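A short reminder: the numbers here are calculations on the coordinates, not readings from a lab. Nothing here was measured: the structure is a model prediction, and the numbers come from that model. Glycine also receives a Cβ, built like all others from the backbone with ideal geometry; neighbour counts cover every protein chain displayed.
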Amino acid sequence: MAKKIAKSTTAAPKKKEVARASTATIPPPLNAPDARVLDRLWATVLSRKDASPSESHSARLLARGTAKIAQKFGEEAVECVIEAVTGHKPSLIAESADVLYHLLVLWVDAGLRPEHIWAELSRREGLSGIAEKAARKPLALDGLPTRKIP
């Protein structure tokens, strides 16, 4: 007759719980720069708009056009996602910085200013994310609604 093994009342934490717990224990850096660094980066990218592509990476990207800028942004976003999934925080930090830089280049190319995005974020502030998304009109391509994974 086989013996039944009693299950422990304390189950091992799931991977997501472990990841959340490990990120919650990271103390903020001392004397760390704040979000104003984005304002300085924005000003730098904007100032490179008319610079020589041979002297500035931002100017080189801008000269290559919207499709290339969007491609680079997408590549950096994917790399950021990969680092988030693997849990390698130093790489996630570096890739996040790359995503923000390429996003600012994309805004400059599109003629947007950070204030446009801040206004949209302010508009959404206090709204339920679920309600805000439900209120959006579905995007259509050639008259057909898009299909998204729920």
* Asked: Ordered by packing density, taken as the mean number of other Cβ atoms within 10 Å over each peptide's residues, highest first, how do 91-99, 52-60 rank?
  -> 91-99, 52-60
* Structure fact -> Net charge (Lys, Arg +1; Asp, Glu -1) of residues whose beta-carbon lies under 9 Å from that of Ser91, Ser91 excluded, is -2
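All other residues with a Cβ under 15 Å from the Cβ of Pro53 taken together, and with Lys, Arg as +1 and Asp, Glu as -1, what is their net charge?
Residues near Pro53 contribute +3 overall.
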